[in-house]
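S.K.: Handing you a structure now.
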Amino acid sequence: MRPSNHGVRTLALIPDMASPEELEHLGFEHLRKGELKEGLKLILRAAKKYEDEKKLEDAARLYYYFGYFFLDRLKKPDKARPPLLKSAALYIDLIERELSRFDIDTERLNEYCTKTLSVFATVGDEKNLRKYAKYFAEIYEDMARSYMENGEVELAVKAYEDAFRYYKIVGDEEAIKRIADELITAYGRITEEKVAEGDAAGAAEAFYRLAGYVLEIFGYDAHYIEMMDTAARNYEKASKLSYSEGNLDGTTTYLLKAQYAYLLAGNTNRAKLIGLNNVRITYQVIGSFQSAGRDRDVARKLLELAQSLLAVGKTKEAFKAYKESLNLESSLRSRTLMRIAILKIYGAQRKDTRVLSAVCDAEYYLDRNNEVRAIEIANDTLQGIPELEPLVKMLHEAEGISQEE
C-alpha cells in the first residue's frame, strides 16, 4: 500500500490558500524545528502577501527579520541586502503615512526611522544613511518646535532629543549645538516645575539630562559640574524620602544615581561616602529579596550592587556581583548598564567630554528601548580606550565570553 501524500499536497497548497498570518505562523514553526529552508521560504511568502494586502508594517517587519536572519545567523550578507533594503523602502512609506496623520504616534514613527537607518548602516549605504538621517532630524525638529509653541514641553524634549541624535549621525555640528541649546532651555523649564512641585526624583532626572546637553555646548566645565551636582543632591534628597517611607529598594536605586552623579560632578569624596553606604544597604535588600524567592529583583539589585562597588574601587567584588546577576537574569540592558558604569567612571576621572557624550547617547537609546544600538555605542567607546582593556577583560569573563564582542 502506497503512503498517503495528503500532507504533502496540503503543505504545497498552503502558500496559495493561506493568509499571510498563517504563513508567518507556519514559517516560524519550521524555524523552531530547525527546518530553516522551509521556514524562511514561508516567511518570505508571508512578507509578500502582507505587502499585496497593503499591510506594510507587517511586511516591513518580516523583510527586516528575513534580512537580519541571513546576515546574523547564516552569515550571508549578499542575500541579506535585498530584503533589508526592501524593508527600508517600506518603512519610509510607513513614515510618510504616519506623518500624514492628524495625531502622530511619535513612538511608532521613531521605530520606523530607527529601523530605516539601521538598514542603511548595516548594508553600508552611507549616502542614504546621511540623506534620511537629515530628513528625520528636520522632521523631529519641526515637531519639537510645534510642541514647544503649544506648551507641551515634555513632548518637545523627546522630539528634540530624537532630532539631536539624527543630526549626530549626519555630523552637522551647527545643528547639534542648536538643538542642544533648545534642550537646555526645555529642560530648564522642566527642572523649575519639578522643584516647585517638590518632586526631588523628577528634578534629579531633569537636571541629569540637562547636564548632558550642557556638556555638548560647554564641554566638561563649571556649568556641567553645577548641573550634575544639583542632580546628585536631588537624587540624594529622593533617597532620603524613600528611606523615610520604608522603601529600601527605592532608597538604594536613588543612592546609586546620586553616587554616579556626584562622581560625574567631580565630587569624589561625596560619591565614595554615598557608595559605601549604598553597598551596605543594598546587601540588606538583596538578602530580603533572596528570602522571599524574588530572583528577578535579586538580579536587578545585584546589578546595582555591581555598579556601586565598581565606583568605590572594589573591582573584583563588582564583577562577582555582576556575574551573579547575569546568572539569574541576563539581558542586553544589564550588559549595557555595566559598560556605561565603566565609561562614566573613566570619563569622570579624566573629564573626558567625548566619552561622557557617548554615555549620554547610550542612555538615550536605552530609554528608547533600543538596547542593540545602546550596547554598540558602549562597546565602540570601550574598544577605543586602551587603558580599559583589563576591565573589559574582567567584564567579558563575568559574561562568559573570551573575546571582544
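The values are calculated or read from the model by the stated rules, or taken from the named source; none is laboratory data. Values in this document were obtained by computation on a predicted structure and should not be read as measured data. No Cβ is skipped: glycine too gets one built from the backbone with ideal geometry, and neighbour counts run over all protein chains shown. Calculation scope for accessible area: heavy atoms of the full protein, side chains included, ligands and nucleic acids excluded. Shrake-Rupley method; radii C 1.70, N 1.55, O 1.52, S 1.80 Å.
S.K.: Once the convex hull of the C-alpha atoms of region 207-404 is built, how many Å³ does it hold per residue, rounded to a whole number?
M.R.: 109 Å³
S.K.: Rounded to the nearest whole Å², what accessible area per residue is found for the chain with the 1.4 Å probe? List each step's numbers first, then the result.
M.R.: Numbers: 20270 Å² over 405 residues.
Result: 50 Å² per residue.
S.K.: Suppose only helical runs count, i.e. DSSP H with n ≥ 4. What mean residue ellipticity at 222 nm does that imply for the chain under -39500 (n - 2.57) per run, divided by all residues and rounded to the nearest 500 deg cm²/dmol?
M.R.: -28000 deg cm²/dmol
S.K.: Please state the shape class of region 125-197: rounded when a/c is under 1.5, otherwise prolate if a/b exceeds b/c and oblate if not, all from the C-alpha gyration tensor.
M.R.: Numbers: a/c = 3.24, a/b = 2.25, b/c = 1.44.
Note, shape of region 125-197 comes out prolate.
S.K.: If the cut-off is 26 Å between C-alpha atoms, which lysines fall inside it for Lys48, apart from same-chain ones fewer than 8 positions away?
M.R.: Lys33, Lys37, Lys75, Lys76, Lys79, Lys86, Lys115
S.K.: Hey, which lysines would be in cross-link range of Lys320, C-alpha to C-alpha under 26 Å, not counting anything within fewer than 8 residues on its own chain?
M.R.: Excluding near neighbours in sequence, the set is Lys257, Lys272, Lys301, Lys344, Lys393.
S.K.: Let me ask something else about it. I'd like the orientation of helix 332-350 relative to the chain: the angle between its Cα long axis and the longest Cα principal axis, in ° from 0 to 90, rounded to 10.
M.R.: Helix 332-350 sits roughly 40 degrees off the main axis of the chain.
S.K.: In degrees from 0 to 90, rounded to the nearest 10, what is the angle of the helix 200-218 Cα long axis to the longest principal axis of the chain?
M.R.: The angle comes out at about 80 degrees.
S.K.: Ranked highest first by the average count of other Cβ atoms within 10 Å around their residues, in what order do 262-269, 81-88 fall?
M.R.: Details: 262-269: 19.9, 81-88: 21.4.
Put in order of decreasing packing, that is 81-88, 262-269.
S.K.: Could you point to the residue in Phe102, Pro77, Pro20 farthest towards the positive end of region 19-103's charge dipole, with +1 and -1 charges on the Cβ of Lys/Arg and Asp/Glu respectively?
M.R.: Pro77
S.K.: Next up: Per residue, how big is the convex hull of the chain when only Cα atoms are used? Give it in Å³. Before the final figure, lay out the partial values.
M.R.: Details: hull volume 74.0 nm³, N = 405.
Here the figure is 183 Å³ per residue.
S.K.: While we're here: Report in % the part of the accessible area of the chain that belongs to carbon and sulfur, leaving out ligands and nucleic acids; probe 1.4 Å.
M.R.: Values: 10260 of 20270 Å².
Exposed carbon and sulfur together represent 51 percent of the surface.
S.K.: Estimate the FRET efficiency between Ser244 and Ala121 by the formula 1/(1 + (r/R0)^6), using the beta-carbon distance for r and 51 Å for R0, to the nearest 0.05.
M.R.: With R0 = 51 Å, the Cβ-Cβ based efficiency is 0.60.
S.K.: Towards the positive end of the charge dipole of the chain, with charges on Cβ (+1 Lys, Arg; -1 Asp, Glu), say which of Leu40, Val170, Ala348 has the farthest Cα.
M.R.: Comparing the listed Cα positions along the dipole, Leu40 ranks first.
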